[in-house]
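Engineer: Right, I'll just put the structure down here and ask away after.
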Amino acid sequence: MPLMRSAFAVPICAWLVLCAPAVWAQGDTDSSAPSTEEPLTLERAVSLAAEQNETARAAGARAEAAEARVAKARAFFLPRLSVSGTYTRRPQELTREVGGETVVVQRANALGASVAARVPLLDARGFPLYQAAARDQEATALDAREARRQVAFQAANAFLSTLGQLQVADAAERRLALARQSLEDARARATAGLASTNDVTRAELDVATAEATLAEAVGQAETSRLELGYLLVTPTRGPLAPPETLLGEASRPVDAFAGLEQGALERRPDLLSARLRVEQQRALAREPLARLFPALSASAQYTFNNESGLSGRTGNGFLALELSWTLFDGGERYADRHERLALARALEWETVARERRVDVAVESARVSLRTAQASFARGEVAVRAARQNAEETSILYRQGLASSLALSDAQVSQYEAEVSLAQARYALGRALLELRAAVGLDPLGKEP
């Protein structure tokens, strides 16, 4: 028996090691005192992920960059104004005798300044380029909205997964408690001579197995918590509140969700962005044709210095009109247009395929929801039956009417049924999230 106990000490130690972080996180707080930390809700988790996750923030920064590109395209139509100044140091002044007077042609310290302005009067290329930049800005803003939506769904799924893992850990704790109670009963019966020591050995093996199962469940729950905290950019050491609203809605008949796909094409930011990308590429395809027209601009410049020279003037300026017209560029403009039109057609076909995929995604989500509802209903029945069987078998074992093997099988069946129910319960919520994602809603069922 000492050898058996030392063997069982290994899984116990492993369980203590995995549970230690959770114990340390509680600090010196009295375990008997109720927790004052508010449970993390699904709504709060979704909000934190959308606000703090780096993916969402990076998408927002890209949207700001697209706004800057629009301002850059708008600058194509606006005048340019520049000012420059010079200072020149010479070894000596240069003078000339004009009419008996000494005129300084070049000063030793020469100062000069110039003001130049250029205004585009007509350049057809600016219009399609500005339209392309505007469509890009709108599409990038929608991409940022879609990125926040996808991050929110990732957080919601991680939230449900963590809740499921926590319930599996609770089921493992109940299994361990039952195994320990069975061990006490087996020892009492063996001491009274009503059972053999084999029952004690089996009960000790069941306790060791339950301890190992609990250690594994606790480890998986902690790993799931870490993943959730990564998505939320916030540690999640406190309790999690079950999303009863989401689960209650997911339990409604699937027919109640009919019609959600209507308007999905107008709600989903990724599809709206894809359409704008097609318009952007078409605008870029019009730019090469704009090169067929001449470009007209006006420029003006005024310079002044401290050297009047022989003319006696210290300032001078001019106003000019510039006309440039590329009559032949070797076919480059037409090649650019053909390339951009082909890219526009490719984007358009990809967009059509994505739009057709919406109906498939919606129907697939409905099938998943219907399957999850059936699994959850079956899981509830299975848990009630397994718990009743475990209780009755335990009573029969104490009375000597059931074997230790039957008791062990009953407890394992109860644990497996509780695990299946926990998985089915939150699979139900994930199925509803899948449906909401397909129709363009956010995890809370609202339009993003």
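Engineer: For the list (1) free of Cβ contacts under 8 Å to residues at least 40 places away in the same chain; (2) part of a helix (DSSP H, G or I); (3) under 30 Å from Gly164 (Cβ atoms), I need the number of the one condition that Val352 fails.
Structural biologist: All conditions are met except number (3).
Engineer: Does Thr197 meet the test of being within 23 Å of Gln399 (Cβ to Cβ) and either β-branched (Val, Ile, Thr) or open to solvent by less than 10 Å² (accessible area, probe 1.4 Å) (or both)?
Structural biologist: yes
Engineer: Only one of Arg370, Arg430 is within 32 Å of the chain's Cα centre (by Cα) and surrounded by 15 or more Cβ atoms within 10 Å (Cβ to Cβ); which?
Structural biologist: Arg430
Engineer: Which condition number does Thr223 fail, the rest of (1) part of a helix (DSSP H, G or I); (2) touching a Leu at 6+ places or on another chain (Cβ under 7 Å); (3) of a type in the set (Val, Ile, Thr) being met?
Structural biologist: (2)
Engineer: Something else now. Select, from Gly331, Gly315, the only residue that is more than 30 Å from Thr86 (Cα to Cα) and either modelled with pLDDT under 95 or among the hydroxyl-bearing types (Ser, Thr, Tyr) (or both).
Structural biologist: Gly331
Engineer: Kindly provide the set of residues from the range 323-337 that are surrounded by 11 or more Cβ atoms within 10 Å (Cβ to Cβ) and either in contact with a Lys or Arg (Cβ under 8 Å, 6 or more places away or on another chain) or not aliphatic (A, V, I, L, M) (or both), ordered by number.
Structural biologist: Thr326, Asp329, Glu332, Arg333, Tyr334, Asp336, Arg337
Engineer: Select from the range 169-209 the residues that are of a type in the set (Gly, Ala, Ser) and under 14 Å from Ser404 (Cβ atoms) and list them in ascending order.
Structural biologist: Ala179, Ser182, Ala186, Ala188, Ala190, Ala195, Ser196, Ala203
Engineer: With the condition being touching a residue at least 40 places away in the same chain (Cβ under 8 Å), I'd like the strands (runs of 3 or more DSSP E) fully within the range 52-118 carrying at least 3 qualifying residues.
Structural biologist: Counting at least 3 such residues, we get 101-106.
Engineer: So which residues in the range 303-317 are of a type outside the set (A, V, I, L, M, F, W, C) and either open to solvent by 60 Å² or more (accessible area, probe 1.4 Å) or at negative phi (or both)?
Structural biologist: Those that are of a type outside the set (A, V, I, L, M, F, W, C) and either open to solvent by 60 Å² or more (accessible area, probe 1.4 Å) or at negative phi (or both): Thr303, Asn305, Asn306, Glu307, Ser308, Ser311, Arg313, Thr314, Gly315, Asn316, Gly317.
Engineer: On to the next question. When you check Ala402 against the structure, is it assigned to a loop (DSSP other than H, G, I, E, B), in contact with a Leu (Cβ under 8 Å, 6 or more places away or on another chain), under 30 Å from Val419 (Cβ atoms) and open to solvent by less than 40 Å² (accessible area, probe 1.4 Å), yes or no?
Structural biologist: Answer is yes for this residue.
Engineer: Got at least one residue in the range 274-282 being over 27 Å from Glu339 (Cα atoms) and open to solvent by 40 Å² or more (accessible area, probe 1.4 Å)?
Structural biologist: Checked the range 274-282: no residue is over 27 Å from Glu339 (Cα atoms) and open to solvent by 40 Å² or more (accessible area, probe 1.4 Å).
Engineer: With Ala256, Ala300, Ala320 as the choices, which residue is open to solvent by 20 Å² or more (accessible area, probe 1.4 Å), under 26 Å from Gln150 (Cα atoms) and not in a loop (DSSP other than H, G, I, E, B)?
Structural biologist: Just one listed residue meets the conditions, Ala256.
Engineer: Which is of a type in the set (S, T, N, Q) and either loosely packed, with under 13 Cβ neighbours inside 10 Å or more than 30 Å from Leu42 (Cβ to Cβ) (or both), of Thr162, Thr86?
Structural biologist: Of Thr162, Thr86, the one residue that is of a type in the set (S, T, N, Q) and either loosely packed, with under 13 Cβ neighbours inside 10 Å or more than 30 Å from Leu42 (Cβ to Cβ) (or both) is Thr86.
The values are calculated or read from the model by the stated rules, or taken from the named source; none is laboratory data. Since the model is a prediction, treat every value here as computed from it, not as a measurement. No Cβ is skipped: glycine too gets one built from the backbone with ideal geometry, and neighbour counts run over all protein chains shown. All accessible areas refer to the heavy atoms of the entire protein, side chains included, with ligands and DNA or RNA removed. Shrake-Rupley method; radii C 1.70, N 1.55, O 1.52, S 1.80 Å.
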